[in-house]
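A.B. asks: Structure incoming, see below.
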Amino acid sequence: MKKKANAALAAQPKTFKQRMQSDNAVGYVFAAPFIIGFICLTIFPMGLSLYYSLTNYNFVHADFIGLNNYVRMFTGDSRFWYSLWRTFLYVILAVPLKLIFALLVAFFLTRNTKIASLYRAVYYLPSLVGGSVAVALVWKQMFARKGMINGILGAIGIDRLNWLGDKNLVLFPLALLTVWQFGSSMIIFAAGLKEIPTSYYEAAEIDGASSVQRFFKITLPCLSPVILYNLVMQTITGFMVFTQAAIITQGGPADATNFIAYYIYTQGFKYFDMGYGSAISWVMLVVIAIVTLIIFKTSKKWVFYEAGNDD
Amino acid sequence: MKAKKVMALMMASAMAVSMAACGSDGGTTTKAADETTKAPETTKGSDETTKAADETTKAAEETKGGEEGDIKEVVFPEKVNNGEDCTIRFAWWGGQTRHERTEKVVEMFMEKYPNVTITTEPSDFDGYFQKMATLVGGGDVWDVFQLGNNWAEYTDIITDLTPYIEDGTINTDNISDGFLATTYDLGKQMEISLGTNAHVIIYNADMFAEAGLDEPAENWTWEDYEKCAEALKEVTGEYGSSSLEEFYGACTVGVPQWEDGLNFFKADNSGLMIDKPDYMVPFIEMIQRMTESGAYPDRGALNEMGTTPEQNFVATGEAAMTWALSNQVIAMAKAAEENGVGTLKIATLPRHSADGPSGYAVKSSQGLAIYNKTKYPDVCAEFINFFINSPEANQVLAGERGVPITSAVRAAIEPSLSELEKSVYDYVGMVGEWEDSKNVFINEPSQQNAIKDEFKNQLDKVNAGSITAEEAAKNVFDFANDAFTR
């Protein structure tokens, strides 16, 4: 239908008005804001950073130095490898915790009452403010030497812990800040939970399945596509962790929180080695792509897609 | 009889040694005598640096007050930019005290020249250079901005101020050539210095009294410092020492303390002057011991402390001593007074050995530079002129950025100086007079930031017990050499 119309239009010379009224033109016009933004704010900077990664760009001049930045990264920069390792640790710690937490809260808030939606809104709040500098600063105070957390520990008779000064402990407060922002995953889980037909549960109940069994045998499998989606999205966000490292610990102690995004930033904006920073960000892109790929490959084993229609 | 004589002699010499260690006068006299004998060999380092340092010293001597030379009156123009409206952007870093005073001066300038609007962008030190990096990248830097001695990185965007000095837009009649030379480099007048400063130890005199400690002597050593810190920690329960400039202490100041004329970096920014990492080891070990005993904050605690003088643990009463710059003394003391934590006083930096070199010199704390793509370079130059020369403006600024470089301003604000401010002025004058400070380089290669961070990491690892001080020093040494070969 559409094709025929287009062919007919193409046959005769068109006025501007006619051109603008064609389906394609309307489509492009409506998509234009996005396309322009995508080209100017994503494609162009990405291309530029790929070029810079082959130079020694320092904000003032950029000389082409080939693959030197990449060679340096893989052969001579132990900070980079350590940074990558710590980022992995952080993701492995923070992402599963966050998903489990989000799923549990979503599960307990599935009942369709007014109070449940209020709770849902309340629990979503941290996600709105959690990425901000202000909350990071609050976190820094809470986990300070004489902060609230140590105060509580003291009250129940546990010695103060050096949360932000001990490299073996420091990942926990930072991961906790990420976990606290479970709201968006929770909303997606909640939507997913509602999609599971109640008839399954009724049938299971009649068969005498306990609530734990129902959760593991019905809820989890039916929800697995949603879990996959959340897992992928949160893993990607996890690798890009920056605010906590920049505000709370400044990469320390002993580079323990020198996450890769923060390392890129340090190279670029502190050492003025923008070329090297760009090179690291491209390697980071590849690393995230590989991790995502691995998750997708394994998903065949555990994600359960219902055959046919839902109902 | 003979044995008695030997005994007496030994006791006498022991007394002399202890006096040299305690009394500041004894120590410096010996040192000065040493310097005289060494004088013919002081040709180490590049000639240019020595010359510049000479001039700095001369200039610093002037700050001692007394003979100020002829003070010429500075006449400000009736109008700038022909009275036409214009807007310039002005940025600086600093703490709350500086922000308030600088804003006031900006208002004074705008009142004097109503056609000029100045938009201000104050920030803290770290934020400042982050913001600046993005602005340099975007080609849209502030018209007039504060800059330290790290101009080598920014030379491509800085206007040479020489023409403005020559045509009198920036009046330098009351500024000695030596002071101008502190900010002249790479063939350009990079900036006009807003004041000179020197490294200093700030200590809480009340805490010293509480611990029953004598106030530090001029030539005290790091060993003395550590002992004081431990004693202060024992008695007060707070940190004996707040942040030390760890990298400077082990490297750029620490190395010159070993041997007159030896420096960490080469004068021409081309690499390291030291040929072995051993120089850094004692300082790293000291930090390690103090951190372990709790006399010195660990990285977590140091991170909790902000970077402005007002946030220093000494100002909040959580520590007894800290390493600072002489121009930060006033702000820190003011904050300490507001917090009611005691009286702050200043002392020299401790040395590697009581009769060894000091390891530091008087330098420009910061200056004002002009962006080379600004639309109104003349207005910016007029603003700098006002900022450095106006007695009224400097009554407000009160030397908070360091000892002012124009003799007229120094004379104008001298009567209103507090006891502490006077001691800071005297201190900077004294450091400028030290013979050995001429052989200390104050250049900052662009690799310094990365090396500094590496040093911090290695120090953290030492504190965590995962490597030894020797290994850390070697790693820093290798990293720094590597950084210069890229």
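A.B. asks: Looking only at residues in segment B:424-454 that are in a helix (DSSP H, G or I) and charged (D, E, K, R), which one is farthest from B:T182 (Cα to Cα)?
C.D. replies: We begin by selecting, within segment B:424-454, every residue in a helix (DSSP H, G or I); these are B:424-433, B:436-439, B:448-454.
If we keep only those that are charged (D, E, K, R) as well, we get B:426, B:433, B:436, B:438, B:452-454.
Working: B:D426: 19, B:E433: 16, B:D436: 17, B:K438: 13, B:K452: 24, B:D453: 27, B:E454: 29 Å.
Checked segment B:424-454; the qualifying residue farthest from B:T182 (Cα to Cα) is B:E454.
A.B. asks: Mind telling me which of the residues A:L164, A:L174, A:L169 ends up being within 13 Å of chain B (Cβ to nearest Cβ) and without any contact (Cβ under 8 Å) to a residue 12 or more places away in the chain? Even if it seems obvious, please write down each step before you answer.
C.D. replies: On the way: A:L164 fails: without any contact (Cβ under 8 Å) to a residue 12 or more places away in the chain; A:L174 fails: without any contact (Cβ under 8 Å) to a residue 12 or more places away in the chain.
None of the others qualify; the one that does is A:L169.
So that you can scan it fast, the table gives a plain yes or no per residue for (1) in the same structural domain as B:A267 (by TED's automatic domain parsing); (2) surrounded by fewer than 20 Cβ atoms within 10 Å (Cβ to Cβ); (3) closer than 26 Å to B:E100 by Cα:
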site	(1), (2), (3)
B:A398	no, yes, yes
B:P404	no, no, yes
B:E414	no, yes, yes
B:E419	no, yes, yes
B:F455	yes, no, no
B:A464	yes, yes, no
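A.B. asks: In addition: Of all residues in segment B:290-303 being assigned to a helix (DSSP H, G or I) and touching a strand residue (DSSP E or B) at 6+ places or on another chain (Cβ under 9 Å), which is nearest to A:V170 (Cα to Cα)?
C.D. replies: Within segment B:290-303, the first condition is being assigned to a helix (DSSP H, G or I), and the residues that meet it are B:290-293, B:299-303.
If we keep only those that are touching a strand residue (DSSP E or B) at 6+ places or on another chain (Cβ under 9 Å) too, we end up with B:290, B:293, B:301.
Values: B:M290: 22, B:S293: 21, B:A301: 13 Å.
Filtering first and then ranking leaves B:A301.
A.B. asks: Sticking with this structure for a sec: Looking for whichever is in contact with a strand residue (DSSP E or B) (Cβ under 9 Å, 6 or more places away or on another chain) and among the small types (G, A, S) here; the options are B:G317, B:G399. Which one fits? Write out each step before concluding.
C.D. replies: Values: B:G399 fails: in contact with a strand residue (DSSP E or B) (Cβ under 9 Å, 6 or more places away or on another chain).
Sole residue among the options that is in contact with a strand residue (DSSP E or B) (Cβ under 9 Å, 6 or more places away or on another chain) and among the small types (G, A, S): B:G317.
A.B. asks: If you check A:L125 against the conditions, is it surrounded by fewer than 20 Cβ atoms within 10 Å (Cβ to Cβ) and either among the basic types (K, R) or farther than 30 Å from A:T198 by Cα (or both)?
C.D. replies: It is false that A:L125 is surrounded by fewer than 20 Cβ atoms within 10 Å (Cβ to Cβ) and either among the basic types (K, R) or farther than 30 Å from A:T198 by Cα (or both).
A.B. asks: Would you be able to tell me the number of residues in segment B:121-140 that are among the polar types (S, T, N, Q) and at the interface with chain A (Cβ under 9 Å from one of its Cβ atoms)? Walk me through it before giving the result.
C.D. replies: Just the residues of segment B:121-140 that are among the polar types (S, T, N, Q), to begin with: B:123, B:130, B:134.
Within this subset, residues satisfying the condition of being at the interface with chain A (Cβ under 9 Å from one of its Cβ atoms) are B:130, B:134.
The total comes to 2.
A.B. asks: Might you let me know whether segment B:150-162 holds any residue that is within 14 Å of chain A (Cβ to nearest Cβ), farther than 19 Å from B:V329 by Cα, part of a loop (DSSP other than H, G, I, E, B) and touching a residue at least 40 places away in the same chain (Cβ under 8 Å)?
C.D. replies: Of segment B:150-162, the ones within 14 Å of chain A (Cβ to nearest Cβ) are B:150-158.
Still in the running and farther than 19 Å from B:V329 by Cα: B:150-158.
This time we only want the ones that are part of a loop (DSSP other than H, G, I, E, B), so: B:150.
With touching a residue at least 40 places away in the same chain (Cβ under 8 Å) added as a condition, the list becomes B:150.
Scanning segment B:150-162 turns up at least one residue that is within 14 Å of chain A (Cβ to nearest Cβ), farther than 19 Å from B:V329 by Cα, part of a loop (DSSP other than H, G, I, E, B) and touching a residue at least 40 places away in the same chain (Cβ under 8 Å).
A.B. asks: May I ask you to say which residue of A:G277, A:G308, A:G238, A:G252 is modelled with pLDDT under 90, of a type outside the set (K, R) and surrounded by 22 or more Cβ atoms within 10 Å (Cβ to Cβ)? Don't jump to the end; show me each part of the working.
C.D. replies: Numbers: A:G277 fails: modelled with pLDDT under 90; A:G308 fails: surrounded by 22 or more Cβ atoms within 10 Å (Cβ to Cβ); A:G238 fails: modelled with pLDDT under 90.
On inspection, the qualifying residue turns out to be A:G252.
A.B. asks: Can you spot a residue in segment B:169-177 that is at pLDDT below 90, within 26 Å of B:Q328 (Cβ to Cβ), in the same structural domain as B:R401 (by TED's automatic domain parsing) and not in a loop (DSSP other than H, G, I, E, B)?
C.D. replies: Scanning segment B:169-177, I find at least one residue that is at pLDDT below 90, within 26 Å of B:Q328 (Cβ to Cβ), in the same structural domain as B:R401 (by TED's automatic domain parsing) and not in a loop (DSSP other than H, G, I, E, B), so the answer is yes.
A.B. asks: Checking the structure you have, find out if any residue of segment B:221-229 is in the same structural domain as B:S353 (by TED's automatic domain parsing) and outside any helix (DSSP H, G or I).
C.D. replies: Step one: filter segment B:221-229 for residues in the same structural domain as B:S353 (by TED's automatic domain parsing), giving B:221-229.
Within this subset, residues satisfying the condition of being outside any helix (DSSP H, G or I) are B:221.
Yes, the conditions are met somewhere in segment B:221-229.
A.B. asks: Given the residues B:K438, B:K461, B:K456, B:K474, which is the only one that is within 13 Å of another protein chain (Cβ to nearest Cβ) and closer than 27 Å to B:G356 by Cα? Outline the logic, then answer.
C.D. replies: Working: B:K438 fails: within 13 Å of another protein chain (Cβ to nearest Cβ); B:K461 fails: closer than 27 Å to B:G356 by Cα; B:K474 fails: within 13 Å of another protein chain (Cβ to nearest Cβ).
Step by step, each of B:K438, B:K461, B:K456, B:K474 is checked, and only B:K456 is within 13 Å of another protein chain (Cβ to nearest Cβ) and closer than 27 Å to B:G356 by Cα.
A.B. asks: Inspect segment A:76-85 for any residue being surrounded by 11 or more Cβ atoms within 10 Å (Cβ to Cβ), of a type in the set (K, R) and over 23 Å from A:L228 (Cβ atoms) and give the result as yes or no.
C.D. replies: Yes, because at least one residue in segment A:76-85 is surrounded by 11 or more Cβ atoms within 10 Å (Cβ to Cβ), of a type in the set (K, R) and over 23 Å from A:L228 (Cβ atoms).
A.B. asks: Output the helices (runs of 4 or more DSSP H) that fall wholly within segment A:155-231 and possess 2 or more residues being touching a Leu at 6+ places or on another chain (Cβ under 6 Å), or say none.
C.D. replies: On the way: elements: A:171-180, A:183-195, A:198-206, A:211-214.
The qualifying helices (runs of 4 or more DSSP H) are A:171-180, A:183-195.
A.B. asks: In this structure, is B:W93 at pLDDT 90 or above and closer than 16 Å to B:A331 by Cβ? It would help to see each step written out before you state the result.
C.D. replies: On the way: at pLDDT 90 or above: yes; closer than 16 Å to B:A331 by Cβ: yes.
When the stated conditions are applied, B:W93 passes them.
A.B. asks: Any chance you could count how many residues in segment A:130-153 are touching a helix residue (DSSP H, G or I) at 6+ places or on another chain (Cβ under 8 Å) and either exposed (fewer than 12 other Cβ atoms within 10 Å of the Cβ) or polar (S, T, N, Q) (or both)?
C.D. replies: Here is the first cut: in segment A:130-153, the ones touching a helix residue (DSSP H, G or I) at 6+ places or on another chain (Cβ under 8 Å) are A:130-133, A:135-137, A:139-145, A:147-149.
With the extra rule that they be either exposed (fewer than 12 other Cβ atoms within 10 Å of the Cβ) or polar (S, T, N, Q) (or both), the set shrinks to A:132-133, A:141.
Residues that pass the stated criteria total 3.
A.B. asks: Quick check on B:D214: is it acidic (D, E) and touching a helix residue (DSSP H, G or I) at 6+ places or on another chain (Cβ under 9 Å)? If you could, list the steps in order and put the result at the bottom.
C.D. replies: Working: acidic (D, E): yes; touching a helix residue (DSSP H, G or I) at 6+ places or on another chain (Cβ under 9 Å): yes.
The answer is yes for B:D214.
A.B. asks: Scan segment A:245-281 for residues that are away from every other protein chain (no Cβ under 12 Å) and under 17 Å from the mean Cα position of the chain (by Cα) and report the count.
C.D. replies: Qualifying residue count, segment A:245-281: 4.
A.B. asks: Is it the case that segment B:86-107 has a residue that's part of a loop (DSSP other than H, G, I, E, B), out of contact with any Lys or Arg (no Cβ under 7 Å at 6 or more places or on another chain), within 23 Å of A:Y271 (Cα to Cα) and within 14 Å of chain A (Cβ to nearest Cβ)?
C.D. replies: Within segment B:86-107, the first condition is being part of a loop (DSSP other than H, G, I, E, B), and the residues that meet it are B:94-95.
Now narrow it down to the ones that are out of contact with any Lys or Arg (no Cβ under 7 Å at 6 or more places or on another chain): B:94-95.
Now restrict to residues that are within 23 Å of A:Y271 (Cα to Cα): B:94.
Then keep just the ones that are within 14 Å of chain A (Cβ to nearest Cβ); that gives none.
No, because not a single residue in segment B:86-107 is part of a loop (DSSP other than H, G, I, E, B), out of contact with any Lys or Arg (no Cβ under 7 Å at 6 or more places or on another chain), within 23 Å of A:Y271 (Cα to Cα) and within 14 Å of chain A (Cβ to nearest Cβ).
A.B. asks: Suppose the filter is within 14 Å of chain A (Cβ to nearest Cβ), part of a loop (DSSP other than H, G, I, E, B) and closer than 27 Å to B:Q328 by Cβ; does B:G306 pass it?
C.D. replies: Numbers: within 14 Å of chain A (Cβ to nearest Cβ): yes; part of a loop (DSSP other than H, G, I, E, B): yes; closer than 27 Å to B:Q328 by Cβ: yes.
Considered against the rule, which asks whether it is within 14 Å of chain A (Cβ to nearest Cβ), part of a loop (DSSP other than H, G, I, E, B) and closer than 27 Å to B:Q328 by Cβ, B:G306 comes out as yes.
A.B. asks: Kindly check whether there is at least one residue in segment A:284-299 that is part of a helix (DSSP H, G or I), over 23 Å from the mean Cα position of the chain (by Cα) and either more than 14 Å from every other protein chain (Cβ to nearest Cβ) or among the hydrophobic types (A, V, I, L, M, F, W, C) (or both).
C.D. replies: Applying the first criterion (part of a helix (DSSP H, G or I)) to segment A:284-299 yields A:284-299.
Among the residues that remain, those that are also over 23 Å from the mean Cα position of the chain (by Cα) are: none.
The answer is no, given that none of the residues of segment A:284-299 is part of a helix (DSSP H, G or I), over 23 Å from the mean Cα position of the chain (by Cα) and either more than 14 Å from every other protein chain (Cβ to nearest Cβ) or among the hydrophobic types (A, V, I, L, M, F, W, C) (or both).
A.B. asks: Based on this model, can you work out whether A:T75 counts as polar (S, T, N, Q), farther than 30 Å from A:T178 by Cα and not assigned by TED's automatic domain parsing to the domain that holds A:A261? Steps first, please.
C.D. replies: Numbers: polar (S, T, N, Q): yes; farther than 30 Å from A:T178 by Cα: yes; not assigned by TED's automatic domain parsing to the domain that holds A:A261: no.
Against the criterion (polar (S, T, N, Q), farther than 30 Å from A:T178 by Cα and not assigned by TED's automatic domain parsing to the domain that holds A:A261), A:T75 does not qualify.
A.B. asks: Test A:T235 against the criterion of being among the hydroxyl-bearing types (S, T, Y) and more than 13 Å from chain B (Cβ to nearest Cβ), and give yes or no.
C.D. replies: On the way: among the hydroxyl-bearing types (S, T, Y): yes; more than 13 Å from chain B (Cβ to nearest Cβ): yes.
Yes; evaluated as a whole, the condition is true for this residue.
A.B. asks: Scan segment B:444-453 for residues that are more than 9 Å from every other protein chain (Cβ to nearest Cβ) and at pLDDT below 90 and jot them down. Outline the logic, then answer.
C.D. replies: If we filter segment B:444-453 for residues that are more than 9 Å from every other protein chain (Cβ to nearest Cβ), which is where we start, we get B:444-445, B:448, B:451-452.
Result: B:E444, B:P445, B:Q448.
The values are calculated or read from the model by the stated rules, or taken from the named source; none is laboratory data. This one's a predicted model, so the numbers in the text were calculated from it and none came from an experiment. Positions of Cβ are generated from backbone atoms using ideal geometry, with glycine treated the same way; all protein chains shown enter the neighbour counts.
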